[in-house]
1. When region 43-68 is examined, which residues are found to be in a loop (DSSP other than H, G, I, E, B) and among the aromatic types (F, W, Y)?
2. Return the residue satisfying two criteria in turn: it lies in region 57-68 and is exposed (fewer than 13 other Cβ atoms within 10 Å of the Cβ) and modelled with pLDDT of 90 or more, and of such residues it is farthest from N16 (Cα to Cα).
3. Under 8 Å by Cβ, and 6 or more places apart or on different chains, what pairs join a residue from region 18-33 that is of a type in the set (S, T, Y) with one that is modelled with pLDDT of 90 or more and in a strand (DSSP E or B)?
4. When residues of region 11-56 are filtered for being of a type in the set (V, I, T) and modelled with pLDDT under 90, how many remain?
Amino acid sequence: MESNFFATIANAADANKQVLYARDEQGHVVGRCLLAISKNFTLLTYHPYCHDPDLNFPKLVQQFVKQL
């Protein structure tokens, strides 16, 4: 886990990247997905991570990005 620490900080600091979070009713983060804008101005999604398998977070991310 420590090996990804610096990559996580670098991604979070990149102006072309933002993290999409999924939260439960109590406000706890249950999922996240890194979003980025490519050089061709397309929206990219990285692998979505989710702690709740019933949430179907990858599909929610896809729907969110489509709406953007």
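The values are calculated or read from the model by the stated rules, or taken from the named source; none is laboratory data. All figures in this text were calculated on a predicted structure; none of them were measured in a lab. Heads up, the Cβs are rebuilt from the backbone with ideal geometry, glycines too, and the neighbour counts pull from every protein chain shown.
1. Y46
2. Applying the first criterion (exposed (fewer than 13 other Cβ atoms within 10 Å of the Cβ)) to region 57-68 yields 59, 63, 66-68.
Checking the rest, the ones that are also modelled with pLDDT of 90 or more come to 59, 63, 66-67.
Values: K59: 22, Q63: 20, K66: 18, Q67: 18 Å.
Filtering first and then ranking leaves K59.
3. What qualifies is Y21/V29; Y21/G31; Y21/R32.
4. Step one: of region 11-56, the residues of a type in the set (V, I, T) are 19, 29-30, 37, 42, 45.
Then drop every residue that is not modelled with pLDDT under 90, which leaves 37, 42.
Of the residues in region 11-56, 2 are of a type in the set (V, I, T) and modelled with pLDDT under 90.
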